[in-house]
Amino acid sequence: MDATFPALLIRDQVQGPERIDFIRMGEADLMPGDVEVAVHYSSLNYKDALGITGSGRVLRRSPLVGGIDAAGEVIASSDTRFKPGDAVLVTGAGLGEYHHGGFAGRIRVPADWVVPLPAGMDCRQAMILGTAGLTTALIFKRFQENHQLPEMGPILVTGASGGVGALTISLLASRGYEVVALTGKPEMAPWLRSMGASEVLDRHGLSMGFRPLETVRWGGAVDVLGGEVLGWLARTVDDWGNIVVVGLAGGADLRTTVMPFILRGVSLLGVTSANCPLPLRRPLWEQLAGDWRIPHLDVILSEEIALSQLPEASRRMLAGRTWGRILVNLRSET
(Lines give C-alpha, C1' and ligand atoms only; values in the text may rest on other atoms or scores of the structure.)
Protein backbone atom coordinates (compact mmCIF):
# COMPACT_ATOMS: atom_id res chain seq x y z
CA MET A 1 0.00 0.00 0.00
CA ASP A 2 1.25 3.47 -0.92
CA ALA A 3 2.73 5.34 2.06
CA THR A 4 0.69 8.41 1.16
CA PHE A 5 -2.93 8.87 0.17
CA PRO A 6 -5.13 11.63 -1.31
CA ALA A 7 -7.33 13.89 0.78
CA LEU A 8 -9.52 16.97 0.47
CA LEU A 9 -8.41 19.47 3.12
CA ILE A 10 -10.67 22.36 4.13
CA ARG A 11 -9.33 25.58 5.66
CA ASP A 12 -12.37 27.00 7.39
CA GLN A 13 -10.88 30.42 8.02
CA VAL A 14 -10.25 30.96 4.30
CA GLN A 15 -12.79 31.85 1.61
CA GLY A 16 -12.40 31.47 -2.14
CA PRO A 17 -10.42 28.90 -4.13
CA GLU A 18 -7.75 28.62 -1.41
CA ARG A 19 -10.32 27.18 0.99
CA ILE A 20 -9.98 23.70 -0.56
CA ASP A 21 -6.69 21.92 -1.08
CA PHE A 22 -6.21 18.49 -2.63
CA ILE A 23 -3.20 17.09 -0.83
CA ARG A 24 -1.41 13.85 -0.09
CA MET A 25 -1.25 12.79 3.54
CA GLY A 26 0.76 10.17 5.39
CA GLU A 27 0.06 8.00 8.40
CA ALA A 28 1.62 10.61 10.68
CA ASP A 29 -1.07 13.09 9.57
CA LEU A 30 -3.91 10.92 10.81
CA MET A 31 -5.68 11.84 14.03
CA PRO A 32 -5.58 9.68 17.17
CA GLY A 33 -7.80 6.63 17.28
CA ASP A 34 -7.95 2.88 17.75
CA VAL A 35 -8.88 1.76 14.24
CA GLU A 36 -7.22 2.70 10.95
CA VAL A 37 -9.35 2.19 7.84
CA ALA A 38 -8.58 2.26 4.12
CA VAL A 39 -11.55 4.22 2.79
CA HIS A 40 -13.16 2.74 -0.31
CA TYR A 41 -16.23 4.97 -0.54
CA SER A 42 -17.70 8.08 1.04
CA SER A 43 -20.73 10.19 0.11
CA LEU A 44 -21.61 13.84 -0.33
CA ASN A 45 -24.16 15.11 2.17
CA TYR A 46 -25.70 18.56 2.58
CA LYS A 47 -23.54 19.16 5.64
CA ASP A 48 -20.42 18.27 3.62
CA ALA A 49 -21.44 20.73 0.91
CA LEU A 50 -21.85 23.50 3.49
CA GLY A 51 -18.37 22.80 4.85
CA ILE A 52 -16.67 22.63 1.45
CA THR A 53 -18.24 25.87 0.19
CA GLY A 54 -18.11 27.77 3.47
CA SER A 55 -21.87 28.35 3.32
CA GLY A 56 -22.44 27.12 6.86
CA ARG A 57 -20.56 26.59 10.12
CA VAL A 58 -19.83 22.88 10.02
CA LEU A 59 -16.14 22.50 10.85
CA ARG A 60 -15.21 22.78 14.51
CA ARG A 61 -11.48 22.85 13.79
CA SER A 62 -9.36 23.91 10.86
CA PRO A 63 -7.75 22.73 8.68
CA LEU A 64 -9.70 19.49 8.48
CA VAL A 65 -10.39 16.70 6.02
CA GLY A 66 -14.10 16.79 5.18
CA GLY A 67 -16.59 13.96 4.81
CA ILE A 68 -19.03 12.76 7.48
CA ASP A 69 -19.28 9.25 5.98
CA ALA A 70 -16.74 6.52 5.23
CA ALA A 71 -16.73 2.81 4.48
CA GLY A 72 -13.78 0.56 3.82
CA GLU A 73 -11.38 -2.05 5.18
CA VAL A 74 -9.56 -2.10 8.51
CA ILE A 75 -5.78 -1.75 8.10
CA ALA A 76 -4.82 -1.85 11.77
CA SER A 77 -6.60 -1.88 15.11
CA SER A 78 -5.57 -1.71 18.76
CA ASP A 79 -9.13 -2.70 19.71
CA THR A 80 -9.83 -6.42 19.79
CA ARG A 81 -13.29 -5.91 18.26
CA PHE A 82 -11.67 -5.25 14.89
CA LYS A 83 -8.89 -6.88 12.88
CA PRO A 84 -7.18 -6.12 9.56
CA GLY A 85 -9.40 -7.00 6.63
CA ASP A 86 -12.70 -6.32 8.41
CA ALA A 87 -15.22 -4.32 6.36
CA VAL A 88 -16.54 -1.40 8.40
CA LEU A 89 -18.36 1.91 8.15
CA VAL A 90 -18.32 5.18 10.09
CA THR A 91 -21.00 7.88 9.90
CA GLY A 92 -21.28 11.12 11.85
CA ALA A 93 -19.86 10.97 15.40
CA GLY A 94 -17.57 13.95 14.66
CA LEU A 95 -16.15 12.69 11.37
CA GLY A 96 -15.62 15.63 9.05
CA GLU A 97 -16.55 18.09 11.81
CA TYR A 98 -13.73 17.94 14.37
CA HIS A 99 -12.00 14.75 13.23
CA HIS A 100 -10.45 14.08 9.79
CA GLY A 101 -13.23 12.62 7.69
CA GLY A 102 -14.02 10.31 4.81
CA PHE A 103 -12.75 12.47 1.95
CA ALA A 104 -9.36 10.79 2.25
CA GLY A 105 -7.79 7.46 1.38
CA ARG A 106 -7.50 6.59 5.07
CA ILE A 107 -8.97 7.52 8.42
CA ARG A 108 -8.04 6.66 12.00
CA VAL A 109 -10.91 6.89 14.49
CA PRO A 110 -11.99 5.75 17.97
CA ALA A 111 -13.27 2.18 17.95
CA ASP A 112 -16.64 3.22 19.36
CA TRP A 113 -17.34 5.13 16.13
CA VAL A 114 -16.86 2.04 13.97
CA VAL A 115 -19.69 -0.23 12.86
CA PRO A 116 -18.97 -3.65 11.33
CA LEU A 117 -20.42 -3.85 7.85
CA PRO A 118 -23.55 -6.00 8.15
CA ALA A 119 -23.75 -9.28 6.27
CA GLY A 120 -25.37 -8.80 2.88
CA MET A 121 -24.16 -5.21 2.48
CA ASP A 122 -20.98 -4.04 0.74
CA CYS A 123 -19.08 -0.78 1.17
CA ARG A 124 -20.61 0.76 -1.94
CA GLN A 125 -24.16 0.05 -0.79
CA ALA A 126 -23.31 1.30 2.70
CA MET A 127 -22.26 4.67 1.31
CA ILE A 128 -25.21 5.01 -1.04
CA LEU A 129 -27.07 4.88 2.27
CA GLY A 130 -24.56 6.69 4.50
CA THR A 131 -25.81 9.22 7.03
CA ALA A 132 -29.00 9.61 4.99
CA GLY A 133 -29.69 5.89 5.31
CA LEU A 134 -29.11 5.88 9.06
CA THR A 135 -31.43 8.88 9.34
CA THR A 136 -34.08 7.01 7.36
CA ALA A 137 -33.79 4.03 9.71
CA LEU A 138 -34.21 6.36 12.70
CA ILE A 139 -37.31 7.89 11.08
CA PHE A 140 -38.87 4.48 10.62
CA LYS A 141 -37.96 3.49 14.18
CA ARG A 142 -39.66 6.63 15.52
CA PHE A 143 -42.78 5.82 13.50
CA GLN A 144 -42.84 2.28 14.88
CA GLU A 145 -42.30 3.39 18.46
CA ASN A 146 -45.15 5.92 18.17
CA HIS A 147 -47.56 3.55 16.42
CA GLN A 148 -47.71 5.23 13.01
CA LEU A 149 -49.61 2.57 11.06
CA PRO A 150 -50.22 2.45 7.28
CA GLU A 151 -54.00 2.50 7.81
CA MET A 152 -53.75 5.93 9.46
CA GLY A 153 -53.43 7.56 6.07
CA PRO A 154 -50.82 8.89 3.64
CA ILE A 155 -47.38 10.02 4.81
CA LEU A 156 -46.16 13.27 3.30
CA VAL A 157 -42.39 13.39 2.73
CA THR A 158 -40.97 16.87 2.10
CA GLY A 159 -37.68 17.53 0.33
CA ALA A 160 -38.51 14.33 -1.51
CA SER A 161 -35.80 14.55 -4.18
CA GLY A 162 -32.97 14.71 -1.63
CA GLY A 163 -31.16 11.72 -0.20
CA VAL A 164 -33.18 11.36 3.01
CA GLY A 165 -36.43 12.05 1.19
CA ALA A 166 -35.83 9.49 -1.55
CA LEU A 167 -34.64 6.78 0.83
CA THR A 168 -37.60 7.40 3.15
CA ILE A 169 -40.11 7.17 0.30
CA SER A 170 -38.58 3.90 -0.86
CA LEU A 171 -38.51 2.35 2.63
CA LEU A 172 -42.01 3.44 3.68
CA ALA A 173 -43.58 2.39 0.38
CA SER A 174 -41.93 -1.01 0.65
CA ARG A 175 -43.44 -1.40 4.14
CA GLY A 176 -46.99 -0.80 2.97
CA TYR A 177 -47.42 2.93 3.58
CA GLU A 178 -49.01 5.26 1.07
CA VAL A 179 -46.40 7.98 0.50
CA VAL A 180 -46.94 11.41 -1.04
CA ALA A 181 -43.84 13.32 -2.15
CA LEU A 182 -43.48 17.10 -1.79
CA THR A 183 -40.74 18.63 -3.92
CA GLY A 184 -39.63 21.91 -5.44
CA LYS A 185 -38.55 19.93 -8.51
CA PRO A 186 -41.77 18.77 -10.21
CA GLU A 187 -39.72 17.46 -13.13
CA MET A 188 -38.57 14.68 -10.77
CA ALA A 189 -42.10 13.28 -10.46
CA PRO A 190 -41.50 10.17 -12.63
CA TRP A 191 -38.36 9.36 -10.63
CA LEU A 192 -40.19 9.76 -7.31
CA ARG A 193 -43.06 7.57 -8.48
CA SER A 194 -40.57 4.89 -9.52
CA MET A 195 -39.57 4.60 -5.87
CA GLY A 196 -43.12 4.24 -4.61
CA ALA A 197 -44.62 7.73 -4.26
CA SER A 198 -48.35 7.53 -5.03
CA GLU A 199 -48.56 11.27 -5.70
CA VAL A 200 -46.09 14.11 -6.22
CA LEU A 201 -46.93 17.67 -5.10
CA ASP A 202 -45.16 20.84 -6.22
CA ARG A 203 -43.97 22.73 -3.14
CA HIS A 204 -44.29 26.06 -4.97
CA GLY A 205 -48.02 25.52 -5.50
CA LEU A 206 -48.95 24.89 -1.87
CA SER A 207 -51.85 26.73 -0.30
CA MET A 208 -51.05 26.41 3.38
CA GLY A 209 -53.75 28.50 5.04
CA PHE A 210 -53.35 30.30 8.33
CA ARG A 211 -55.88 28.85 10.79
CA PRO A 212 -54.64 27.00 13.92
CA LEU A 213 -56.14 23.81 12.46
CA GLU A 214 -56.67 23.21 8.75
CA THR A 215 -58.49 20.37 6.99
CA VAL A 216 -56.80 17.05 7.69
CA ARG A 217 -54.69 15.81 4.77
CA TRP A 218 -52.04 13.46 6.17
CA GLY A 219 -51.78 10.50 8.45
CA GLY A 220 -48.23 11.59 9.29
CA ALA A 221 -45.23 13.33 7.78
CA VAL A 222 -41.45 13.37 7.44
CA ASP A 223 -40.06 16.89 7.15
CA VAL A 224 -36.62 18.08 6.06
CA LEU A 225 -37.67 21.71 5.49
CA GLY A 226 -38.82 23.18 8.79
CA GLY A 227 -40.09 26.76 8.80
CA GLU A 228 -43.45 27.55 7.22
CA VAL A 229 -43.96 24.05 5.79
CA LEU A 230 -43.51 22.39 9.20
CA GLY A 231 -46.10 24.74 10.71
CA TRP A 232 -48.51 23.77 7.91
CA LEU A 233 -47.89 20.07 8.53
CA ALA A 234 -48.76 20.47 12.21
CA ARG A 235 -52.10 22.00 11.15
CA THR A 236 -52.96 19.27 8.60
CA VAL A 237 -51.87 15.93 10.17
CA ASP A 238 -54.73 13.74 11.41
CA ASP A 239 -55.48 12.60 14.95
CA TRP A 240 -52.59 10.80 16.67
CA GLY A 241 -50.36 11.24 13.63
CA ASN A 242 -46.61 11.76 13.91
CA ILE A 243 -44.37 14.33 12.24
CA VAL A 244 -40.69 13.36 12.22
CA VAL A 245 -38.41 16.39 11.79
CA VAL A 246 -34.96 15.85 10.27
CA GLY A 247 -33.91 19.14 8.66
CA LEU A 248 -34.23 22.89 8.30
CA ALA A 249 -33.60 23.50 4.61
CA GLY A 250 -36.63 25.82 4.57
CA GLY A 251 -35.85 27.63 7.81
CA ALA A 252 -35.19 27.09 11.50
CA ASP A 253 -38.32 28.86 12.77
CA LEU A 254 -41.48 27.00 13.74
CA ARG A 255 -44.72 28.96 13.95
CA THR A 256 -47.58 26.94 15.36
CA THR A 257 -50.06 26.81 18.22
CA VAL A 258 -50.76 24.14 20.79
CA MET A 259 -54.01 23.25 18.97
CA PRO A 260 -52.68 20.33 16.86
CA PHE A 261 -51.12 18.78 19.94
CA ILE A 262 -53.97 19.12 22.43
CA LEU A 263 -56.94 18.70 20.07
CA ARG A 264 -55.60 16.14 17.58
CA GLY A 265 -52.88 14.47 19.63
CA VAL A 266 -50.25 15.12 16.95
CA SER A 267 -46.68 14.24 17.97
CA LEU A 268 -43.63 16.19 16.81
CA LEU A 269 -40.60 13.87 16.87
CA GLY A 270 -36.96 14.77 16.35
CA VAL A 271 -34.21 12.70 14.76
CA THR A 272 -30.46 13.26 14.77
CA SER A 273 -28.05 10.69 13.38
CA ALA A 274 -24.71 12.38 14.11
CA ASN A 275 -24.76 11.52 17.82
CA CYS A 276 -26.79 8.31 17.56
CA PRO A 277 -25.37 6.08 20.33
CA LEU A 278 -23.48 2.96 19.26
CA PRO A 279 -25.90 0.49 20.97
CA LEU A 280 -28.64 1.91 18.74
CA ARG A 281 -26.51 2.58 15.65
CA ARG A 282 -25.34 -1.01 15.09
CA PRO A 283 -28.80 -2.65 15.24
CA LEU A 284 -30.15 -0.05 12.83
CA TRP A 285 -27.45 -0.91 10.28
CA GLU A 286 -28.31 -4.57 10.74
CA GLN A 287 -31.93 -3.71 10.00
CA LEU A 288 -30.92 -1.78 6.88
CA ALA A 289 -29.15 -4.91 5.65
CA GLY A 290 -32.11 -7.12 6.62
CA ASP A 291 -35.81 -6.50 7.18
CA TRP A 292 -35.54 -2.77 6.46
CA ARG A 293 -33.48 -3.16 3.30
CA ILE A 294 -34.25 -0.15 1.11
CA PRO A 295 -35.08 -1.02 -2.51
CA HIS A 296 -34.17 1.03 -5.58
CA LEU A 297 -30.66 1.98 -4.38
CA ASP A 298 -29.47 1.90 -7.98
CA VAL A 299 -32.14 4.50 -8.84
CA ILE A 300 -31.58 6.62 -5.72
CA LEU A 301 -27.87 6.87 -6.60
CA SER A 302 -27.66 9.80 -9.02
CA GLU A 303 -23.89 10.25 -9.36
CA GLU A 304 -20.58 8.55 -8.59
CA ILE A 305 -17.75 11.07 -8.39
CA ALA A 306 -14.05 11.40 -7.54
CA LEU A 307 -12.53 13.61 -4.85
CA SER A 308 -11.65 16.25 -7.44
CA GLN A 309 -15.33 16.67 -8.32
CA LEU A 310 -16.50 17.41 -4.78
CA PRO A 311 -16.32 21.25 -4.90
CA GLU A 312 -18.37 21.47 -8.08
CA ALA A 313 -20.90 18.89 -6.85
CA SER A 314 -21.19 20.77 -3.54
CA ARG A 315 -22.05 24.01 -5.32
CA ARG A 316 -24.71 22.23 -7.37
CA MET A 317 -26.17 20.62 -4.25
CA LEU A 318 -26.57 23.93 -2.44
CA ALA A 319 -28.10 25.45 -5.58
CA GLY A 320 -30.72 22.69 -5.62
CA ARG A 321 -29.38 21.08 -8.78
CA THR A 322 -28.73 17.58 -7.41
CA TRP A 323 -31.03 14.77 -6.38
CA GLY A 324 -30.83 11.43 -4.64
CA ARG A 325 -27.48 10.26 -3.32
CA ILE A 326 -23.98 11.14 -4.53
CA LEU A 327 -21.31 8.48 -4.00
CA VAL A 328 -17.62 9.39 -3.67
CA ASN A 329 -15.32 6.66 -5.00
CA LEU A 330 -11.88 6.60 -3.40
CA ARG A 331 -10.87 3.19 -4.69
CA SER A 332 -9.56 4.64 -7.95
CA GLU A 333 -7.59 7.43 -6.23
CA THR A 334 -3.81 7.02 -6.20
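Protection proxy ranking, highest mean first, for peptides 173-186, 142-155, 38-51: 38-51, 173-186, 142-155, where packing is the per-residue count of other beta-carbon atoms within 10 Å, averaged. In this entry, the chain is assigned a mean projected area of 16.4 nm², taken as a quarter of its C-alpha convex hull surface.
Rolling a 1.4 Å probe across the protein heavy atoms gives the range 22-152 an accessible surface of 36 Å² per residue. Give me the distance between the Cα centres of the range 21-100 and the range 286-334, rounded to whole Å. When both Cα centres are located, 16 Å separates them. Springs between Cα atoms under 10 Å define the GNM used for the chain, and in it the highest mean-square fluctuation of Asp298, Asp239, Asp86 occurs at Asp298.
Remark on the range 170-313: hydrodynamic radius 17.3 angstrom, per the Kirkwood mean of 1/r across alpha carbon pairs.
For the range 265-322, the list of trypsin sites (Lys or Arg not before Pro) that fall in a loop by DSSP and count at most 13 other C-beta atoms within 10 angstrom reads Arg321. Taking a ≥ b ≥ c as the square roots of the eigenvalues of the Cα gyration tensor, the range 1-153 is oblate, since a/c reaches 1.5 or more and a/b is not larger than b/c. Note on the range 237-334: the C-alpha convex hull projects to 10.0 nm² when averaged across all orientations. Please report, as a whole percent, how much of the solvent-accessible surface of the chain comes from carbon and sulfur atoms (probe radius 1.4 Å). C and S fraction of accessible area: 52 percent. Only helical runs count toward this figure. For the chain, summing -39,500 (n - 2.57) over DSSP H runs of n ≥ 4 and dividing by all residues gives -8000 deg cm²/dmol at 222 nm.
Computed over Cα pairs, the Kirkwood radius of the range 148-228 leads via Stokes-Einstein (1.567 mPa s, 4 °C) to a diffusion coefficient of 101 µm² per second.
Rounded to the nearest Hz, the phi-derived 3J(HN,Hα) couplings of the range 178-193 under the Karplus curve 6.51 cos²θ - 1.76 cosθ + 1.60 (θ = phi - 60°) are 7, 10, 10, 9, 10, 8, x, 10, x, 5, 8, 4, x, 5, 5, 5, where x marks glycine and proline.
Rounded, prolate or oblate: which fits the range 51-117 when a ≥ b ≥ c are the square roots of the eigenvalues of the alpha-carbon gyration tensor, with rounded for a/c under 1.5 and prolate only if a/b beats b/c? The shape class here is prolate. Projected onto the charge dipole of the range 39-162 (+1 at Lys/Arg Cβ, -1 at Asp/Glu Cβ, origin at the Cα centre), which of Ser77, Val88, Pro150 gives the Cα projection farthest towards the positive end? The listed residue farthest towards the positive side: Ser77. What's the whole-number percent of alpha carbon pairs in the range 93-136 lying beyond 13 angstrom? Cα-Cα pairs in the range 93-136 separated by more than 13 Å: 64 percent.
The values are calculated or read from the model by the stated rules, or taken from the named source; none is laboratory data. Everything numeric in this text was worked out from a predicted model, so none of it was measured. With ideal geometry, Cβ positions are generated from the backbone for all residues, glycine too; neighbour counts draw on all protein chains shown. Areas reflect the complete protein model, heavy atoms only, side chains present, ligands, DNA and RNA absent. Shrake-Rupley method; radii C 1.70, N 1.55, O 1.52, S 1.80 Å.
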